[in-house]
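Reading through the structure tokens given below for one structure.
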Amino acid sequence: MSDETTYLMIPGPVDAEDDVLEAMSHRVLPHYGGPWLEIYNQAVDGLRQVFGTEGDLFLMTGPGTAGLEAALGSLAYTGEKVLVAQNGFFGQRLGTVARAYGLDVRTVEAPLGELIDPQAIKRRLAAEPDIQAVVVVHLETSTGVLNPVQEIAAITGEAGVPIIVDAVSSLGGVPLRVDDWGLDVCVSVINKCLGCPPGIAPISVSERAWAQIERKGDRNHGWYLNLGVWKQYARDWGDWHPYPTSMPTNNVLALLASLRRILAQGLEAQYERHARAAAQVRQTLNAWGFTSFAPEAHSSPLITAVYPPPGVDIEDLRRYLLAKRQIMVSGGLQDLRGKIMRVGHIGKAASDEYVQRLLEGIEAYLRLSPPRSG
């Protein structure tokens, strides 16, 4: 099977639209100077609309983890407390990243498939006023749960504690309003709901976050992932090279192409496209005996996580879809490995073509291997 024929219906990366791929193949442009900055600033301005912010926003080269490391390492000293919300694999990994920076990780936890309770965070902040930041995943892709970031941010804002939001899998796919919700540092990527190849982690930073960063001064947590360094270059080199290292110009061109299409159709239409695809897949799978992993009220429209019907081997189904139908879907992580299937509804996977191909493939498999009753 050729990779070129694989239909990606995973939580990311995504199959990109033709205009994005064409932009990636543009001749290489220099990453500095007036003509380039015009392109770069257009991409940043478009992202500000998606983030819902008028504040500082940087295009950090690397995966989303780079942006999250930058946030953690810039807001807290080694040995200081951070509160990490955990209700799945990626929340747990945030704790691992924080510990790698020598931070004292405290946790608020919820069972897999359940929401983080904002009141639990409120209680911890009241009990431990020396917590330096709260860290939460917006969309926990290991389970499909969409955490109540707006409500959590209202609590952290009242407590005067910065909030770091992992919006890696949610930005551009569901409503997220950085300024209105009071999100101090928000990290995402361009290779999920923004429909581009990997390579850039956009990160927004609020005035409250800057105040804490500047109050703490030098944390000796590196250079490239120090948000203060990014601010310095934006300020001092902003007229020709507003970032500390080279910029992947073709990725920025691809991002700009995608942003132009998304903003032309409108963000609400973008959100509705994802929701419509998720609803069609879930309704059909439920009728065939699949069971949603998380309650619908907690589930993101960007990922469908389901248990198979009795007697259906979910890993065998995944192998069939890839080998016979050229469709890649994801399995479960850690304790959920071999138990659930996760289907992404982002990028081209939200299109009618991809949805129909998936459902036809699953229907064909069920005819070959019908579920056992009981």
Item checked: Pairs where the first residue, in the stretch 258-284, is in contact (Cβ under 8 Å) with a residue 40 or more places away in the chain and the second is loosely packed, with under 15 Cβ neighbours inside 10 Å and outside any helix (DSSP H, G or I), C-beta under 9 Å, 6+ apart -> 267/175; 271/175
Next item on the list: Scan the stretch 179-230 residue by residue and report those that are under 17 Å from residue 44 (Cβ atoms) and either aliphatic (A, V, I, L, M) or surrounded by fewer than 19 Cβ atoms within 10 Å (Cβ to Cβ) (or both).
Entry: 179, 185, 187, 189, 190, 194, 200, 201, 203, 205, 227
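The rows are residues; the columns are (1) among the basic types (Lys, Arg); (2) farther than 15 Å from residue 298 by Cβ; (3) touching a helix residue (DSSP H, G or I) at 6+ places or on another chain (Cβ under 9 Å); (4) outside the structural domain of residue 53 (by TED's automatic domain parsing).
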residue: 102; (1), (2), (3), (4): no, yes, no, no
residue: 108; (1), (2), (3), (4): no, yes, yes, no
residue: 112; (1), (2), (3), (4): no, no, yes, no
residue: 121; (1), (2), (3), (4): no, yes, yes, no
residue: 147; (1), (2), (3), (4): no, no, yes, no
residue: 151; (1), (2), (3), (4): no, no, yes, no
residue: 168; (1), (2), (3), (4): no, yes, yes, no
residue: 175; (1), (2), (3), (4): no, yes, yes, no
Next item on the list: List every residue pair whose Cβ atoms lie under 8 Å apart, where the two residues are 6 or more positions apart in sequence or sit on different chains, the first residue falls within the stretch 138-153 and is under 15 Å from residue 122 (Cβ atoms), and the second residue, located anywhere, is surrounded by fewer than 24 Cβ atoms within 10 Å (Cβ to Cβ) and among the acidic types (Asp, Glu).
Entry: none
Checklist line | Residue list for the stretch 282-319, restricted to those being in a loop (DSSP other than H, G, I, E, B) and touching a helix residue (DSSP H, G or I) at 6+ places or on another chain (Cβ under 7 Å) | finding: 288, 301, 302, 308
Next item on the list: Filter the stretch 199-242 for residues that are touching a Phe, Trp or Tyr at 6+ places or on another chain (Cβ under 6 Å) and assigned to a strand (DSSP E or B) and give the result.
Entry: 203, 204
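Listed residues 270, 280, 326, 356; which is among the polar types (S, T, N, Q), farther than 28 Å from residue 176 by Cβ and surrounded by 16 or more Cβ atoms within 10 Å (Cβ to Cβ)?
Among 270, 280, 326, 356, only 326 is among the polar types (S, T, N, Q), farther than 28 Å from residue 176 by Cβ and surrounded by 16 or more Cβ atoms within 10 Å (Cβ to Cβ).
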Notebook entry, point to check: Does the stretch 56-93 hold any residues that are farther than 30 Å from residue 113 by Cβ, under 20 Å from the mean Cα position of the chain (by Cα) and not in a helix (DSSP H, G or I), and which are they?
Noted result: 56, 57, 58, 59, 60, 61, 62
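The values are calculated or read from the model by the stated rules, or taken from the named source; none is laboratory data. Quick caveat, the model's predicted, so the values are computed rather than measured. Heads up, the Cβs are rebuilt from the backbone with ideal geometry, glycines too, and the neighbour counts pull from every protein chain shown.
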